[in-house]
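Take a look at the structure below.
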Amino acid sequence: MRSHAVAAIICCVACGETNVGTERVAAEPNALGIVTLEVQTEQRVTTIRGLDANEVEVAGAALRRGDVMFTPDPDLSPPQPTTGRELVVWLGGERMAPFTLRGSDFISVPEIWGGPLATFMRLDAVTRVLANGGIAFARPAAERAYTGGTCNPDKFPTSKGSVYSCCEEDGGMWVVKSSGSQLLNRALGAACSGGPANCTGTDCVYGPCGSYVYWFGPTNASGHVFHPDSSSVCGRDAGNSNWEPEEWVSQTLYPGVSPSCPYNWCCEGMPIEGTECGCGDGACEPSEDSCTCAQDCGGSCGGCGEYCNNTADCTGPGAMCSNNQCLCL
């Protein structure tokens, strides 16, 4: 009976554009005492609530599709409106900061949940509904051993100062920027990539230092990144019921990082040190060349044997432009 109800919910989420009401699904046995999952799908929002035997809400999640605010790195650029998805998750009275993704394509990202919160997010109906909303949180294979290590300073901009504590593993970083501040996760990739070809600014998923902040812990809780007693992975505790692989008590914290990335903005797929694109920003962008911006691209323009875009660039006697080179008589 449960599989038929889940299938109905999946269809509702996939359609997503009409009010389809509420479905109730029996939950598999779990440590949170959740016995029922109530899924309400509206025009652009799907809400999943985990209820105990007394119909009291234990945990929940809300997935919204449409206009969202996104930035690869809030330290470098303020969020800008774009089309995408926003997921908010809560356990008891604790709400996580919104998890935001650009676009509507299906995406699989590393699991960021731990402790009791992971128990809720791994429930069968929750994972199926989110997957059909275009998001899957991939759990590491049981046999794969991740080992946490010191974070790469090249992934942090020098313009924003040092980082208090950080651990890097499996293409991501767990970060606490200052003592007592919230936990966050940085995904790692190529600088100024992940968006449209030759993306600029917040159109890029990965920022100018090759990372993007894709998850925040609660702003009212102190995060910790530590060496766990039970494992060699990055220990992290968001200061509530989200921790992995154990809660932080007094375990040794990972050290901080002194940033070494000099870049602050993406221009046409290239990182630059300034905050505006154009000639003089220090990067020879795809729309620039030796004639339009020798300052960034180097070389000379217009002389015999020099670079040209067209014959008008060539200044030599009887010169013509061929294959971006001035040919003179």
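The figures follow:
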{"item": "Test: residue 55 is at pLDDT 90 or above, exposed (fewer than 13 other Cβ atoms within 10 Å of the Cβ), more than 30 Å from residue 196 (Cβ to Cβ) and of a type outside the set (A, V, I, L, M, F, W, C)", "result": "yes"}
{"item": "Hits in the range 59-81 - residues which are surrounded by fewer than 19 Cβ atoms within 10 Å (Cβ to Cβ), at pLDDT below 85 and acidic (Asp, Glu)", "result": "75"}
{"item": "The one condition in (1) assigned to a helix (DSSP H, G or I); (2) buried (at least 16 other Cβ atoms within 10 Å of the Cβ) that residue 168 fails to fulfil", "result": "(1)"}
{"item": "Yes/no for residue 86 being at pLDDT 90 or above and at positive phi", "result": "no"}
{"item": "Matching residues, the range 179-194, being out of contact with any Cys (no Cβ under 7 Å at 6 or more places or on another chain), assigned to a strand (DSSP E or B) and either of a type in the set (Gly, Ala, Ser) or free of Cβ contacts under 8 Å to residues at least 40 places away in the same chain (or both)", "result": "184, 186, 187, 188"}
{"item": "Residue 282, sole failed condition from (1) closer than 22 Å to residue 75 by Cα; (2) small (Gly, Ala, Ser); (3) crowded, with 16+ Cβ neighbours inside 10 Å", "result": "(3)"}
{"item": "Answer residue from the range 82-104, given it is more than 15 Å from residue 64 (Cα to Cα) and out of contact with any Ser or Thr (no Cβ under 8 Å at 6 or more places or on another chain) and is surrounded by the fewest Cβ atoms within 10 Å (Cβ to Cβ) among those", "result": "93"}
{"item": "Those residues of the range 152-165 which are assigned to a loop (DSSP other than H, G, I, E, B) and either at pLDDT 90 or above or not small (Gly, Ala, Ser) (or both), in sequence order", "result": "152, 156, 162, 164"}
{"item": "Residue that is surrounded by 16 or more Cβ atoms within 10 Å (Cβ to Cβ), at pLDDT 85 or above and of a type outside the set (Asp, Glu), where the choices are 225, 249", "result": "225"}
{"item": "Count of residues meeting criterion [outside any loop (DSSP other than H, G, I, E, B) and either in contact with a His (Cβ under 8 Å, 6 or more places away or on another chain) or not acidic (Asp, Glu) (or both)] in the range 255-305", "result": "12"}
{"item": "Given (1) surrounded by 21 or more Cβ atoms within 10 Å (Cβ to Cβ); (2) in contact with a strand residue (DSSP E or B) (Cβ under 7 Å, 6 or more places away or on another chain); (3) on the phi < 0 side of the Ramachandran plot, index of the condition residue 271 fails", "result": "(2)"}
{"item": "Boolean, residue 123 is over 30 Å from residue 256 (Cα atoms) and either surrounded by fewer than 20 Cβ atoms within 10 Å (Cβ to Cβ) or polar (S, T, N, Q) (or both)", "result": "no"}
{"item": "Unmet requirement for residue 200, which otherwise passes all of (1) closer than 18 Å to residue 277 by Cα; (2) among the polar types (S, T, N, Q); (3) buried (at least 19 other Cβ atoms within 10 Å of the Cβ)", "result": "(3)"}
{"item": "Any hit, the range 214-232, residues being part of a strand (DSSP E or B) and hydroxyl-bearing (Ser, Thr, Tyr)", "result": "yes"}
{"item": "Flag for residue 192 being crowded, with 17+ Cβ neighbours inside 10 Å, farther than 20 Å from residue 103 by Cβ, at pLDDT 90 or above and not hydroxyl-bearing (Ser, Thr, Tyr)", "result": "no"}
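The values are calculated or read from the model by the stated rules, or taken from the named source; none is laboratory data. Just so we're clear, the structure is a prediction, and the values are computed from it rather than from any experiment. Methodologically, a virtual Cβ is constructed for each residue, glycine included, from the backbone with ideal geometry; neighbour enumeration extends over all protein chains shown.
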